[in-house]
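The values are calculated or read from the model by the stated rules, or taken from the named source; none is laboratory data. Just so we're clear, the structure is a prediction, and the values are computed from it rather than from any experiment. Neighbour counts run over all protein chains shown; Cβ positions are idealised from the backbone, glycine included.
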Amino acid sequence: MALAMVATVGATIDAAPAESKTSPRYQRLWEDLGPRHKQWARQTSECESGRDRNIHGGGGAYHGAFQFMKTTWRNSPKSPGGDPHRYSWRTQAVVSVYLKKQDGARTHWPNCG
């Protein structure tokens, strides 16, 4: 029975959440954000996608937890490029907060931001 328990514990430890895939750079950027920005990111992504970082909406026009258009994602401050759904929620949140700081929330998230 002890062996089964060890195997279960090992599987749980190895099953890291997607959040652990956030690069050190984006982890630092997230940690540097104030609580108000973090709360905005949580609420906005919950409204946009249920915080699903892999979701595609609008007939495929919008991607990720914050429902980015591909051009908006690519041109956003702090964007790592590529497609948003390939990155962790935290990376998407950092890009969203910096975009909001630059352009305002209502510009990109008129219903949820």
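Considering Arg28, Arg106, which residue is among the basic types (Lys, Arg) and either modelled with pLDDT of 95 or more or touching a strand residue (DSSP E or B) at 6+ places or on another chain (Cβ under 6 Å) (or both)? Don't jump to the end; show me each part of the working.
On the way: Arg106 fails: either modelled with pLDDT of 95 or more or touching a strand residue (DSSP E or B) at 6+ places or on another chain (Cβ under 6 Å) (or both).
That would be Arg28, the only listed residue that is among the basic types (Lys, Arg) and either modelled with pLDDT of 95 or more or touching a strand residue (DSSP E or B) at 6+ places or on another chain (Cβ under 6 Å) (or both).
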| Which residues, taken from region 60-113, are in a helix (DSSP H, G or I), surrounded by 17 or more Cβ atoms within 10 Å (Cβ to Cβ) and polar (S, T, N, Q)? | Thr72, Thr91, Gln92, Ser96
| remark: Those residues of region 20-29 which are touching a residue at least 12 places away in the same chain (Cβ under 8 Å) and either within 11 Å of Cys112 (Cα to Cα) or of a type in the set (Lys, Arg) (or both) amount to Lys21
| Out of all the residues in region 49-58, is one or more within 19 Å of Pro24 (Cα to Cα) and surrounded by fewer than 16 Cβ atoms within 10 Å (Cβ to Cβ)? | no
| said: For the structure I just gave you, tell me whether Ala18 is of a type in the set (Gly, Ala, Ser), surrounded by 10 or more Cβ atoms within 10 Å (Cβ to Cβ), closer than 13 Å to Gln92 by Cα and at pLDDT 95 or above. | reply: no
| field | Filter result (out of contact with any helix residue (DSSP H, G or I) (no Cβ under 8 Å at 6 or more places or on another chain) and among the polar types (S, T, N, Q)) within region 42-56 | value | Gln43, Ser49
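This table checks each residue for (1) acidic (Asp, Glu); (2) without any contact (Cβ under 8 Å) to a residue 40 or more places away in the chain; (3) farther than 22 Å from Arg106 by Cα; (4) touching a helix residue (DSSP H, G or I) at 6+ places or on another chain (Cβ under 6 Å).
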| position | (1), (2), (3), (4) |
| --- | --- |
| Glu31 | yes, yes, yes, no |
| Gly34 | no, yes, no, no |
| Trp40 | no, no, no, no |
| Gly58 | no, yes, no, no |
| Thr71 | no, yes, no, no |
| Asn75 | no, yes, no, no |
| Pro80 | no, no, yes, no |
| Pro84 | no, yes, no, yes |
| Ser88 | no, no, yes, yes |
